[in-house]
Amino acid sequence: IKNNVKSKIRSVGNVALDKVFKVVQEKNKDFNIVKKKSLELLFLPNSGMSHTTMENVFESINICVRYAIKNPDVIFKIKEHPSDVNDNVFNYIEKKFGNVNNLNLIDREHEIPFGTNDITIINNSGAGMESAIWGIPLIIISDKLENVHVPFYLDEKIAEFANNDESFEAKVLRIMSENKFYRNNCKKFIKKYFVNRGVVAEKIIEIIL
């Protein structure tokens, strides 16, 4: 890009996230939030049709569902990826594990319920950005650290890495015991990576006019 063109480029942010910022801001104003009794975890598996293979997705499901079975007091939600049109994730869970009482399966068409969970679990997903806006730390599940395609979540210390049952359980405990540290890192993260938070549309109109 030529220098004269570069000088005219302005970063205004992601207009698609305006609503998210506004919803979070309103939620933070609510002083009547009832304190939860149960730990809530949310897994957002990849579709298995990208750099994260279906084999990796299924092994991630195994780790999550086994954790849910071992910890029946935990509310564990799994939302299928919008591209999982064949319900591969739900079919796999039903066939391998059957009914698990504390496991809630969320349809791909449903909005991601960030508002109530304590930790968001992903493979390689941009949804981690939205989770950070909510102030919710992450666990990234992958077979190898080098297969993590969102390493900046780890670099910015809003996420932990897990590749088996033992490390997953340890990372849940770490995040919950040091929750303030991770949530503060989420605040630093959004300040670093997002501009015009919640007002991108207004900023674009202002520039155009």
Subject >> Residue in the range 124-139 that is farthest from GLU80 (Cα to Cα), counting only those that are open to solvent by less than 10 Å² (accessible area, probe 1.4 Å) and not aliphatic (A, V, I, L, M) >> reply: PRO137
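Quick one: which helices (runs of 4 or more DSSP H) sit completely within the range 16-123 and have at least 2 residues that are within 26 Å of ASP143 (Cα to Cα), modelled with pLDDT of 95 or more and open to solvent by less than 20 Å² (accessible area, probe 1.4 Å)? Break it down into steps so the answer makes sense when it comes.
Working: elements: 18-29, 54-70, 88-97.
In the range 16-123, the matching helices (runs of 4 or more DSSP H) lie at 54-70.
Mind listing whichever residues of the range 131-172 are part of a loop (DSSP other than H, G, I, E, B) and over 16 Å from the mean Cα position of the chain (by Cα)? Full working, then the answer.
Kept after step one, since they are part of a loop (DSSP other than H, G, I, E, B), are these residues of the range 131-172: 134-137, 142-144, 148-150, 156-158, 163-164.
Answer for the range 131-172, where residues must be part of a loop (DSSP other than H, G, I, E, B) and over 16 Å from the mean Cα position of the chain (by Cα): ASP143, LYS144, ASN163, ASN164.
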Original post:
Quick one: would you say ARG197 is under 21 Å from LYS22 (Cα atoms), more than 14 Å from the chain's Cα centre (by Cα) and in a loop (DSSP other than H, G, I, E, B)?
Top reply: yes
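Identify, from the list SER83, SER167, SER125, the residue that is farther than 23 Å from LEU39 by Cβ, in contact with a strand residue (DSSP E or B) (Cβ under 9 Å, 6 or more places away or on another chain) and small (Gly, Ala, Ser).
Residue meeting the stated conditions: SER83.
The values are calculated or read from the model by the stated rules, or taken from the named source; none is laboratory data. Because the structure is predicted, anything quoted here is derived from the model rather than measured. Ideal geometry is used to build each Cβ from the backbone, glycine not excepted, and the neighbour counts take in all protein chains shown. Areas reflect the complete protein model, heavy atoms only, side chains present, ligands, DNA and RNA absent. Shrake-Rupley method; radii C 1.70, N 1.55, O 1.52, S 1.80 Å.
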